[in-house]
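The values are calculated or read from the model by the stated rules, or taken from the named source; none is laboratory data. Source: prediction; values computed, not measured. We place every Cβ from the backbone using ideal geometry, glycine too, and count neighbours over all the protein chains shown.
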Amino acid sequence: MWDNIKAWFKHSLTILWARLVALVGLLLAAGEALLADPNVTAAIQSVLQPKFIPYYVIAIGLITELARRRTIEKV
C-alpha cells in the first residue's frame, strides 16, 4: 500500500508537498461560507493570528526548498 501511495506522488516529496498545499487552499476556498460566520472567523484568527501570516509563508517556502533539495541530491 505504501508503494502505491509513493507512486501516486511519483516518489517525490516536492509533489507531495505541492499537492498538500493545494488541498489546504481548496479546503479553505470550499469553507468560505463557513468562514463568513463571525464566530468561526474569530476562532480561526485566535489560532492563526494574521500578524504571523508572513512567517507561515516563509515556513512554506523553506519546506518547499528542503523538499526540492532532497530530490535534487538523488539525480
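Could you list, in sequence order, all residues of the stretch 12-56 that are hydrophobic (A, V, I, L, M, F, W, C) and farther than 30 Å from Trp2 by Cα?
As a first pass, look at the stretch 12-56 and keep what is hydrophobic (A, V, I, L, M, F, W, C): 13, 15-18, 20-24, 26-30, 33-36, 40, 42-44, 47-48, 52-53.
Of everything in the stretch 12-56, those that are hydrophobic (A, V, I, L, M, F, W, C) and farther than 30 Å from Trp2 by Cα turn out to be Ala33, Leu34, Leu35, Ala36, Val40, Ala42, Ala43, Ile44, Val47, Leu48, Phe52, Ile53.
Restricting attention to the stretch 1-56, report how many residues are touching a residue at least 24 places away in the same chain (Cβ under 8 Å) and not in a helix (DSSP H, G or I).
1
Got a sec? Which of Ser46, Ser12 is surrounded by 10 or more Cβ atoms within 10 Å (Cβ to Cβ), out of contact with any Asp or Glu (no Cβ under 7 Å at 6 or more places or on another chain) and either at pLDDT below 85 or of a type outside the set (S, T, N, Q) (or both)? Give the derivation first.
Numbers: Ser46 fails: surrounded by 10 or more Cβ atoms within 10 Å (Cβ to Cβ).
Of the residues listed, the single one that is surrounded by 10 or more Cβ atoms within 10 Å (Cβ to Cβ), out of contact with any Asp or Glu (no Cβ under 7 Å at 6 or more places or on another chain) and either at pLDDT below 85 or of a type outside the set (S, T, N, Q) (or both) is Ser12.
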